[in-house]
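> Before I ask anything, let me first share the structure, which is written out below as structure tokens.
The values are calculated or read from the model by the stated rules, or taken from the named source; none is laboratory data. If you're wondering where the values come from, they're calculated on a predicted model, not measured in any experiment. As a convention, Cβ positions derive from the backbone with ideal geometry for all residues, glycine included, and neighbour counts pool all protein chains shown. The area values use the complete protein model at the heavy-atom level, side chains included, leaving out ligands, DNA and RNA. Shrake-Rupley method; radii C 1.70, N 1.55, O 1.52, S 1.80 Å.
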Amino acid sequence: MRGAFARRLSELADNDRRICLLTGDLGFMALEPFSERHPDRFFNMGAAEQNMVGVATGLAEAGFIPFVYSIVTFATLRPYEFIRNGAILNHLPVRIVGVGGGFEYGHNGATHYGLEDVGIMRIQPGMTVIAPADSRQTETALNATWDMEGPVYYRLGKNDKPIVPGLEGDFDLGRAQLVKDGKDLLFITMGAISYDVAHAVETLEKEGLSCAHLVVASINPAPISDLVAQMRRFRTVLTVEAHYVSGGLGSLVCEVAAENNLDTRVIRNALRLSPDGLTGSQDYLHDKYGISNEKIIAKAREALAATAG
């Protein structure tokens, strides 16, 4: 998704000189579409994310639209107070771009795992939170939100290649996208793991299990009406996210279910334990923490068996 982001942002910047891009000393072999096309509006701020957000806040106050780019943890956790006190409280158009949600930087260790970013960002009133499911939706989401008022947080995956079947790049702020319909169970997903869930749905369908799949890329504002409409159709809903179980998509879905008196069981498939120090590939870590394709399928079978019983 980061490649699609850099290409589309550079195109938007062709026609609007307010757009600038700041990076925390990373994005090499990713941000060149922008840095080579607009070198006068590209700034490597070094490994100093708090200062980078502070500079972006000043640029936004001066009339620019700054995009701040770093790995998820360094884009959100390290400068969190600066984001809150600067962009959010002053309602400034600072764009925080966090790359590599979940375990995408698996071999780098726990400091690089983006497992709480959506939770801490969505609790802030006035912060728009977007987690596209693939590169095509990244472009559409950027088109829809780059010049909106107030701050935006984009949670982007590293990989541009996986495309979620049925999504077709669709994105509407405050809405969710039903990419596959079914009748036995509803999957609700956010971010890059939506691709894995789409393939889990295909596997379950071959077993005679009919599953629907709802993609939520607009986390804040939340697609409340779409969630209510779809959840009312199912006895069981299974949320899947590369995030801690608390604060993210699963929590959002439970809030919607409770506040709208929905008679449906919500099962949250996300991380329930803090990483223990063992590192490895994203696939290894997804399996270890219960969000691999195989574990998703097993959880769905378990949920459907419990419903049938």
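> Need a quick list: helices (runs of 4 or more DSSP H) entirely within region 1-65 having at least 3 residues that are at pLDDT 95 or above.
Numbers: elements: 2-15, 32-35, 49-61.
Filter on region 1-65 gives 2-15, 49-61.
> Checking the structure you have, find out if any residue of region 88-102 is more than 30 Å from Pro162 (Cα to Cα), free of Cβ contacts under 8 Å to residues at least 40 places away in the same chain and either in contact with a Ser or Thr (Cβ under 8 Å, 6 or more places away or on another chain) or among the basic types (Lys, Arg) (or both).
Checked against the condition, which is being more than 30 Å from Pro162 (Cα to Cα), free of Cβ contacts under 8 Å to residues at least 40 places away in the same chain and either in contact with a Ser or Thr (Cβ under 8 Å, 6 or more places away or on another chain) or among the basic types (Lys, Arg) (or both), region 88-102 yields at least one hit.
> Looking only at region 8-29, which residues are in contact (Cβ under 8 Å) with a residue 40 or more places away in the chain and either open to solvent by 30 Å² or more (accessible area, probe 1.4 Å) or at negative phi (or both)? It would help to see each step written out before you state the result.
Start the filter on region 8-29 by keeping residues that are in contact (Cβ under 8 Å) with a residue 40 or more places away in the chain, which leaves 8-9, 12, 16, 18-24, 26-27.
Arg8, Leu9, Leu12, Asp16, Arg18, Ile19, Cys20, Leu21, Leu22, Thr23, Gly24, Leu26, listed by residue number.
> Continuing with the same structure: Can you tell me how many residues in region 81-112 are more than 11 Å from the chain's Cα centre (by Cα) and closer than 16 Å to Leu26 by Cα?
Quick first cut of region 81-112, residues more than 11 Å from the chain's Cα centre (by Cα) only: 81-96, 103-112.
Now narrow it down to the ones that are closer than 16 Å to Leu26 by Cα: 96, 104-105, 108, 111-112.
Going through region 81-112 one residue at a time, the tally reaches 6.
> As an exercise: evaluate Gly46 against (1) on the phi > 0 side of the Ramachandran plot; (2) within 24 Å of the chain's Cα centre (by Cα) and give the number of the one condition it does not meet.
In the conditions (1) on the phi > 0 side of the Ramachandran plot; (2) within 24 Å of the chain's Cα centre (by Cα), Gly46 misses (2) alone.
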